[in-house]
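Shown next, in structure tokens, is the structure this report addresses.
What follows is calculated from the coordinates using simple rules that are stated; it is not laboratory data. Not measured: the values here are computed from a predicted model. Ideal geometry is used to build each Cβ from the backbone, glycine not excepted, and the neighbour counts take in all protein chains shown.
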Amino acid sequence: MRQVELEVLRYNPETDREPHFQRYAVDCQEEWVVLDALNHVKETLDPTLSYRWSCHMAVCGSCGMMVNGEPKLACKAFLRDYPGVIRVEPLRHFPVERDLVTVIDDFVAKLARVKPYLIPKDKAPEAAEFRQTPAQLKRYKQFTLCINCMLCYAACPEYGLIPKYLGPAAIALAHRWNRDSRDGGRDARQEELAATEGAWECSFVGACSEVCPEHVDPAGAIQQVKIESTVDWYQAHLMPWTKK
Amino acid sequence: MARSNKPIVWGPFATGGTLTAFVTPALVVVTLLAALGAVPDLLAYERLHALAAHGLAKVAIAGVVFLSLWSAAHRLRITCYDLGIRADTLVATIVYAAALAGTGASVFYLLRI
């Protein structure tokens, strides 16, 4: 048993004019993560503390927050990795709703716009399923691991500068379906992806891929989208007869 | 939403970036070797001059110069934006003009060979 000190950003829209930090001393165990410490605070010290969480095993993507200034899943950030006072803040680039809870409407709306679902190329086989080879699965499997935790949006400096930018996770998930052999919806998704606020706002900083807790490579997906959109552009303008 | 025309400037940037990643290290090694006095017969001035006199070699050299300069110019433009210089149109005009001027100069001198 040892003690850590948490410095948590607090904001109650009903009583506070501005957010402020509050310190909590927490008796913790060696294997605890930041989320355990927050749960301990809520259960024993301060029931008014608000934050999102659900699975405690890096699957649900709810507990994204800034830990010492870095976007982390609170359930994956071990207390023993942080010497001294640990500063916990809501995810950067998102409006704060209350304490560590952010307003995520912007991301959810963008995600819906890129149509991240199967738009079948052919009619589904009668009384059977679509078949895929392991090679076809491998083309997109990595991008299916996204858990919509939005750490990449908090890490992306371009999203901070240009709020209209579609952002890493939405582009990576659109790309996931574009690379699926069963899917025929790329043209529809290109309306969003190939727009200026789509992949083109990315300047390839690469922070999104560094912070991703599931090791998806959104930066790689965005560069692939750029290459495909460039080929599209040259085809449409220099070889219009190749257009379907 | 309208599709962006960014591919016009991004296409040569990406091509140039890939190209310089392969060509630049080789050029650095060759230049260092030459500076240290190890000039193999193949890299002698007369040989290289004769190579550059060929029409296809001129096109290739001008292409490498254009793509490398354009790639560097575009990277500089993005870096300026990220560093907080938000006059993007002005920056873009300056850096792309510099890349085109460099390309023009290389074409000019290639044509005189």
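Run lengths n ≥ 4 of DSSP H only: what is the helix-derived mean residue ellipticity at 222 nm for the protein assembly as shown, with -39500 (n - 2.57) per run over all residues, to the nearest 500?
Details: 13 runs with 173 residues, N = 357.
Result for the protein assembly as shown: -15500 deg cm²/dmol, rounded to the nearest 500.
Database note for chain A: Cys without another Cys beta carbon under 4.7 angstrom, A:CYS28, A:CYS63, A:CYS75, A:CYS146, A:CYS149, A:CYS156, A:CYS202, A:CYS212.
Qualifying GluC sites (Glu not before Pro) in the stretch A:9-96, where qualification requires a DSSP coil assignment and no more than 13 other C-beta atoms within 10 Å, comprise A:GLU14, A:GLU30, A:GLU31. Between A:VAL85 and B:ALA2, the simple label model (points 7 Å from Cα in the Cβ direction) yields a spacing of 5.1 nm. For peptide B:4-15, the mean count of partner chain Cβ atoms within 10 Å of a residue's Cβ comes to 5. Within the stretch A:171-189, find all residues whose amide N lies under 13 Å from a label point positioned 7 Å from the Cα of A:LYS123 along Cα-to-beta-carbon. The answer is none. Approximating the spin labels as points 7 Å out from Cα along Cα→Cβ, the B:THR79-to-A:GLU210 distance works out to 1.7 nm.
Shielding by partners for A:222-229, please: the mean number of other protein chain Cβ atoms within 10 Å of each residue's Cβ. List each step's numbers first, then the result.
Working: counts 0, 1, 0, 0, 6, 4, 0, 5.
The shielding value for this peptide is 2.
Cross-link partners of A:LYS42 among lysines, defined as those whose alpha carbon lies under 29 angstrom from its own and excluding same-chain residues fewer than eight positions apart: A:LYS72, A:LYS76. Applying a DSSP loop filter and a limit of 10 other Cβ atoms within 10 Å to the trypsin sites (Lys or Arg not before Pro) in the stretch A:3-64 leaves A:ARG17. In the neighborhood of A:GLY69, defined by Cβ-to-Cβ distances under 11 Å, what is the net charge if each Lys or Arg adds +1 and each Asp or Glu adds -1? Combined, the nearby Lys, Arg, Asp and Glu give +1.
Order of B:TYR45, A:TYR153 from fewest to most other C-beta atoms within 10 Å?
Working: B:TYR45 8, A:TYR153 28.
In increasing order of surrounding Cβ atoms, one gets B:TYR45, A:TYR153.
Taking 0.36 nm per residue of separation and subtracting the current Cα-Cα distance, fully stretching the chain between A:ASN12 and A:ILE162 would add 51.3 nm.
Going by how many other Cβ atoms sit within 10 Å of their own, how do A:THR230, A:THR102 line up, fewest first? Write down the numbers at each step before the final one.
Numbers: A:THR230 20, A:THR102 24.
So the ranking, lowest neighbour count to highest, is A:THR230, A:THR102.
Within straight-line reach of A:LYS164, meaning a Cα separation under 12 Å, sit the following aspartates and glutamates at least 8 residues removed in sequence or on another chain: A:ASP106, A:GLU192, A:GLU197, A:GLU201. Between the alpha-carbon centres of the stretch A:19-45 and the stretch B:98-113 there is a gap of 65 Å.
For A:MET239 and A:GLN29, what is the calculated FRET efficiency with R₀ set at 56 Å and r taken between the beta-carbons, to the nearest 0.05? Present the calculation step by step, with values, prior to reporting the outcome.
Values: r = 64 Å, r/R0 = 1.15.
So the FRET efficiency works out to roughly 0.30.
Counting, for every residue in B:74-81, the Cβ atoms of other protein chains within 10 Å of its Cβ and taking the mean gives 2. Restricting the calculation to alpha carbons of the protein assembly as shown gives Rg and Dmax of 26.2, 84 angstrom.
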